[in-house]
Every structure is written in structure tokens, then in C-alpha cells.
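Chemist: What follows is a structure written as C-alpha cells; I'll ask about it next.
The values are calculated or read from the model by the stated rules, or taken from the named source; none is laboratory data. No experiment lies behind these values; they were computed from the predicted model shown. Backbone-built Cβ (ideal geometry, glycine too); neighbour counts: all protein chains shown.
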Amino acid sequence: MDKSKLPINYDTIVWILKFIMTSNEGRTLNMSKIVNEAKIKNKLIVKIRELLEHRAFWLYLLVDEAEKRGLEPEDFASAAITRCGLSQGSDLVKQGGTKSLKGLKKTLFTRAARWVFEMEVVESTDDTLYLDFHYCPLVKAWQKAGCTDEEIARLCDIAMCGDHGIGQCFDARLELPKAIAKGDDVCALRYIKGDRKR
């Protein structure tokens, strides 16, 4: 390529590219290998996703600031997010008037929530609730923040503590055999009561 025929100086192009590839606080943007693209583009759904992305960005910044201070985020963040899930789960049980996992589906995994996460209900009984999420706005926020795939997986583990807390309120455990944050094609949430096997 003949640099002399470019409409702007070659060095300026290099500077612009470096600027584009840098996120907040001079952090180089990571080219995450995680595939996480929304198919539903409804304006309202996009706005709701943006709110969830903002919440995920808070979590990233809290974890980042903790690490800068020599703290281990898992020592406190997981417990705090679990408490949030327990609080939300308690409210959901009261709202639905049941600890049936059908009640959890009805109160938390509404049609709007299913659109936001491009969620598929795989199985729904009183004792099992299997969901596949095909999109995650939290992962999208962490990708935008320039997190590595390893950081995204770690942040997801912390964020999922809330979902585990919700499950506890319904006397269920949550299994996560697949996660978008770990490079899988879906987040496979499996709420299971008792000793039932997946």
C-alpha cells in the first residue's frame, strides 16, 4: 500500500486505531472469543438489556477496585450476591405463594425476561425448571469493558451466586452445565428439587 496516497497521515491512522482499541482507564480491549450476539432487536428489550449491562459493569468495577486494594473478590462478592439472590428469592416465593419451580418460572422467568435473555424453557415441572439462555447482557457488558474470557467466566461465577440464592428459596439447587461466559453456546440453568438427577 502506498502510504503517500492516504487522505490522512499514516501515523494518525495508527494513533486512531490505538485509541479505538483502548477502553476505560487505558485498558486494551480484549478480543473475546465468546460468541454472544442478540437476535431480538426490539427497542424496549434493548433498553432493558442496557440496564442489565450497567449492573454487570458495576460488578466488574467493584471486583477490579477490590483487586487493586489487594482483596480477593470471591471472599466477599459471592456472599453479597448470594444475599441479594436470597432476598429476591424470598420475595418471589411470597409473590407466587408457592415453592414450586413452576412458580419460579411464572414470577421470574416471565415472557419479557425470556425475550431479554433469548431464553427457551426446556422443561418446567413442580420439581424441575430447565432453561437455556441464548444471549447474556452481562457477558456483553464484560466484553465491552475489555475483560478477558477468563475474567468473564469469573465474573459470571460471582453473578450466578444470586441465581443459586434464588434456587435455595425454592428448596432447589441450581446446576449450570453450560455457560456462555465459558464459551458454550447457551447458559443451561437447571433448577432441581431434592435428589433428582439432571
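Chemist: Keeping to segment 36-55, report how many residues are out of contact with any helix residue (DSSP H, G or I) (no Cβ under 9 Å at 6 or more places or on another chain) and either aliphatic (A, V, I, L, M) or part of a loop (DSSP other than H, G, I, E, B) (or both). Give the derivation first.
Modeler: Step one: of segment 36-55, the residues out of contact with any helix residue (DSSP H, G or I) (no Cβ under 9 Å at 6 or more places or on another chain) are 39, 41, 43, 46-47.
Those left that are additionally either aliphatic (A, V, I, L, M) or part of a loop (DSSP other than H, G, I, E, B) (or both): 39, 41, 46.
Number satisfying all stated conditions: 3.
Chemist: So, of the residues in segment 123-153 that are of a type in the set (A, V, I, L, M) and in contact (Cβ under 8 Å) with a residue 40 or more places away in the chain, which turns out to be nearest to residue 52 (Cα to Cα)?
Modeler: Step one: filter segment 123-153 for residues of a type in the set (A, V, I, L, M), giving 129, 131, 138-139, 141, 145, 152-153.
With the extra rule that they be in contact (Cβ under 8 Å) with a residue 40 or more places away in the chain, the set shrinks to 129, 131, 138-139, 141, 145, 152.
Values: 129: 23, 131: 19, 138: 6, 139: 10, 141: 8, 145: 14, 152: 15 Å.
Within segment 123-153, the match that is nearest to residue 52 (Cα to Cα) is 138.
Chemist: Restricting segment 101-124 to residues that are of a type in the set (Phe, Trp, Tyr) and outside any helix (DSSP H, G or I), which is farthest from residue 136 (Cα to Cα)?
Modeler: So the first thing to find is which residues in segment 101-124 are of a type in the set (Phe, Trp, Tyr), and the list is 109, 115, 117.
Keeping just the survivors that are outside any helix (DSSP H, G or I) gives 109, 117.
Numbers: 109: 14, 117: 6 Å.
By that ranking, first place goes to 109.
Chemist: Filter segment 115-126 down to the residues that are surrounded by fewer than 17 Cβ atoms within 10 Å (Cβ to Cβ) and touching a strand residue (DSSP E or B) at 6+ places or on another chain (Cβ under 8 Å) and list them by number.
Modeler: 120, 121, 122, 123, 126 - these are the residues of segment 115-126 that are surrounded by fewer than 17 Cβ atoms within 10 Å (Cβ to Cβ) and touching a strand residue (DSSP E or B) at 6+ places or on another chain (Cβ under 8 Å).
Chemist: For residue 76, all conditions in the list (1) within 30 Å of residue 169 (Cα to Cα); (2) at pLDDT below 95; (3) in contact with a helix residue (DSSP H, G or I) (Cβ under 6 Å, 6 or more places away or on another chain) hold save one; what is the number of the exception?
Modeler: If we test residue 76 against (1) within 30 Å of residue 169 (Cα to Cα); (2) at pLDDT below 95; (3) in contact with a helix residue (DSSP H, G or I) (Cβ under 6 Å, 6 or more places away or on another chain), just (3) comes out false.
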